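The values are calculated or read from the model by the stated rules, or taken from the named source; none is laboratory data. Since the model is a prediction, treat every value here as computed from it, not as a measurement. As a convention, Cβ positions derive from the backbone with ideal geometry for all residues, glycine included, and neighbour counts pool all protein chains shown. Side chains are part of the model used for accessible areas, which takes the heavy atoms of the whole protein and leaves out ligands, DNA and RNA. Shrake-Rupley method; radii C 1.70, N 1.55, O 1.52, S 1.80 Å.
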Amino acid sequence: MSAKAIAQADTRAIVSVRRRFEPAAKKAVREVYSVRAGDLVGRFQIRSGADKGGEFLSLHASTRKLPLISFGGRWGGVKTAGATAQIQLGARRTYNSAFIATVNGQRRLLVRQFSRDSVAPSGRDPRNKLRILTGPSAFQMVMGEDDAIAARLSRQMNEYRRSELIRQLQLARKRKR
């Protein structure tokens, strides 16, 4: 095969890996965190480049935190201790004094602000009345605990690139005949 055919097969393999990178990242995150795939839309960018070592692909994840309601937020009403959310699968947590309300047309999990130096007998802070609760960002989820998700995703994409390059080279060989 010519050098041009090998370079074209390599380029096609990288394009194929680039196309599968974001869905693989979403799947890897959803195996650990209880977030919907739709809530992760627009939170990842796949960038490519080249350096003296060759071409590379990188995953850039947003550092903007997701609203806590995206992690299965629930509220049982005013008689409950607070709202609940499940950030990691199997670990539902209750957030005291939290409730679900509509803010700017979107459902959010809110909590009342309390202050130690408040003059009110209830302890509520009169200036900062409500605070929107947030969960981890896409970046924090990909990095996870001890970079486990990032390392697994990196291995998976390298393995896929290797198999895709072999497939593209076989297709190029067939085209030549």
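Among SER163, ILE46, SER58, which residue has its Cα furthest toward the positive end of the charge dipole of the chain, with +1 on Lys/Arg Cβ and -1 on Asp/Glu Cβ? In the chain, that residue is SER163. Compared with the direct C-alpha span, the chain from ALA151 to VAL41 gains 37.4 nm at full extension, assuming 0.36 nm per residue.
Just checking the listed ones, VAL32, VAL17, VAL103: in the Gaussian network model of the chain with Cα springs under 10 Å, the one fluctuating most is VAL103. Based on DSSP H segments of at least four residues, each scored -39500 (n - 2.57), the chain has a per-residue ellipticity at 222 nm of -12500 deg cm²/dmol.
The alpha carbons of the chain occupy a box of 84, 33, 30 Å along the principal axes, longest dimension given first.
Computed in the context of the full set of protein chains, the accessible area of the chain at 1.4 Å probe radius has 49% of its extent on carbon or sulfur. For the stretch 1-40, the spread of Cα coordinates along the three principal axes comes to 48, 15, 6 Å, biggest extent given first. Excluding same-chain neighbours fewer than eight residues apart, the lysines reachable from LYS176 by a Cα-Cα span under 30 Å are LYS4.
Take each peptide in 52-63, 73-84, count the other Cβ atoms within 10 Å of every residue, and average; sorted highest first, the result is 73-84, 52-63.
For the chain, a Gaussian network of Cα nodes joined below 10 Å ranks GLY38, GLY49, GLY72 by mean-square fluctuation, and the top entry is GLY49.
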